[in-house]
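Values in this text are rule-based calculations from the coordinates and carry no lab data. Predicted, not measured: the structure shown is a model, and the values here were computed from it. We place every Cβ from the backbone using ideal geometry, glycine too, and count neighbours over all the protein chains shown.
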């Protein structure tokens with residue numbers, strides 16, 4: 001009985017230590033991101049781009065529609081995010097290796113999982129903070145509409161939830177890419193390209209004549225755009241959630257293994 005109690009105490013202690021290290025790294029990265037103007041400018045640029053397209057350009061202007069809809073925002077936002085997210089993750093690992101602080105970090109009793117999850121959560125929190133001001137869009141549309149409840153809130157909530165899952169996958173992909181290089185610019189460009197490929201690539205390939213009528217639908221299901229559009233309709237399908245969770249878990253797993261391999265090589 002005593003051995004069982006000791007075992008569970010050790011398990012609880014190790015989990016608590018893991019959470020402590022993870023959260024310490026997470027808060028450190030968030031403070032570092034907002035310690036300079038770069039962090040604020042990245043979020044401001046995201047909001048500015050969305051504002052210009054949605055309220056200035058007539059082809060995307062949501063105020064010129066005959067009915068209340070945020071469809072254009074949810075079409076545009078993923079393409080802006082696949083630039084913003086690599087910009088927030090490109091220095092998380094590259095700068096650690098460049099400055100030599102990663103070697104110091106790995107000599108401490110901190111697991112590679114705690115390092116990766118901590119940095120991943122930091123980037124995801126920053127991205128969600130950038131998304132939060134856009135919640136004013138549905139509020140404004142609802143207030144400006146002539147009829148009450150003109151905006152389809154079910155579809156809007158589903159689309160926002162889809163954006164959260166999309167951000168989580170983009171962050172995992174970009175963080176994984178940054179673990180393979182020590183150059184921040186290379187990490188940004190490669191991360192943005194990888195996010196674009198995973199988001200829109202399968203659908204573009206499915207439109208090729210050789211795949212039409214054969215496996216075009218199966219190819220579309222491999223892309224993030226297909227599952228995001230499904231969630232944006234307000235229908236929460238477990239297959240869409242499982243897809244985004246699987247993509248996120250896969251790239252975080254690859255990143256952790258990459259860090260462990262570099263840790264062993266350093267030793």
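Worth a mention:
- Linear extension gain, residue 40 paired with residue 52, 0.36 nm per residue minus alpha-carbon span: 2.5 nm
- Among 220, 22, 231, 153, a tally of other beta-carbon atoms within 10 Å of each Cβ gives an order, fewest to most, of 153, 220, 22, 231.
- Of the residues 119, 233, the one with the fewest other Cβ atoms within 10 Å heads the list, and the complete ranking is 233, 119.
- Straightening the chain between residue 180 and residue 161 buys 3.8 nm, computed as 0.36 nm per residue apart minus the Cα-Cα spacing.
- A straight chain from residue 23 to residue 71 at 0.36 nm per residue would run longer than the Cα-Cα distance by 13.7 nm.
- Mean Cβ count within 10 Å, highest first, over the residues of peptides 45-53, 76-84: 76-84, 45-53
- Once the Cβ-Cβ distance of residue 246 and residue 143 is raised to the sixth power relative to R0 = 45 Å, the FRET efficiency obtained is 0.70.
- With the simple spin-label model, which puts each label point 7 Å out from Cα in the Cβ direction, the residue 260 to residue 153 separation comes to 4.6 nm.
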